[in-house]
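I have placed the structure first, in the form of structure tokens, so that the comments after it can refer back to it.
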Amino acid sequence: MTLITYDDFAKLDMRVAKVVEVEKIPGKSKIVKGVIDLGDEKRDVIIGGAEYYLPEELVGKTVIALVNLEPRKIGGIESGAMLLAADLNDKPFWLTVSDDVTLGTKIK
């Protein structure tokens, strides 16, 4: 485990988001392209773990997204955020929150 300072943690911008679209990427079996709604904007994201879930199982989930991560091209598609997940034996379990929480709410 690597320890970080509080100042390092404070740089992370984590927000509540809803997965509104998910589609398979031709030729890719472990990632899918998703769209998340942050309340005031929508972003494309690459979501890993596609070998464990059907795309429609992710649509509608209210998740936690790291939104100030530098955009990165994965599978030829630019990802504008990262969804947080617990990792159990390499299978992701998406961190979700109640649908009562307003999209875009900052996680502290």
Take Thr105, Thr2, Thr62 and order them by how many other Cβ atoms sit within 10 Å, fewest up front. Thr2, Thr105, Thr62
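Counting helices only, and only those DSSP H runs with n ≥ 4, report the 222 nm mean residue ellipticity of the chain as the sum of -39,500 (n - 2.57) divided by its residues, in deg cm²/dmol to the nearest 500.
On the way: 2 runs with 9 residues, N = 108.
That comes out to -1500 deg cm²/dmol.
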Let me see the P(r) profile for segment 11-98: every Cα-Cα distance counted, bins of 5 Å, each bin given as a percent of all pairs. 3, 15, 28, 28, 20, 6, 1, 0
Once the other residues with Cβ under 12 Å from the Cβ of Val35 are scored (Lys, Arg +1; Asp, Glu -1), what is the net sum? -1
How much net charge surrounds Val22 when only the other residues with a Cβ under 9 Å from the Cβ of Val22 are counted, with Lys and Arg +1 and Asp and Glu -1? -2
Sparse-neighbourhood loop sites, chymotrypsin sites (Phe, Trp or Tyr not before Pro) in segment 45-104 - DSSP loop, at most 13 other Cβ within 10 angstrom: Tyr52
Can you compute the charge dipole magnitude of the chain about its Cα centre, using +1 on each Lys and Arg Cβ and -1 on each Asp and Glu Cβ, nothing else charged? Give it in debye, rounded to the nearest 20. 180
Would you mind counting up the charge near Val101? Only other residues with Cβ under 12 Å from its Cβ, with Lys and Arg at +1 and Asp and Glu at -1. +1
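For the ranges 34-41, 70-77, 5-12, what's the packing order if you count other beta-carbon atoms within 10 Å of each residue, average per peptide, and put the highest first? Before the final figure, lay out the partial values.
Details: 34-41: 17.0, 70-77: 11.8, 5-12: 8.6.
Top to bottom by mean Cβ count within 10 Å: 34-41, 70-77, 5-12.
Any read-out appearing in this document is the output of simple, stated calculations on the displayed coordinates, not a laboratory observation. These figures come from a predicted structure and were not determined experimentally. All Cβ positions, glycine included, derive from the backbone under ideal geometry; neighbour counts span all protein chains shown.
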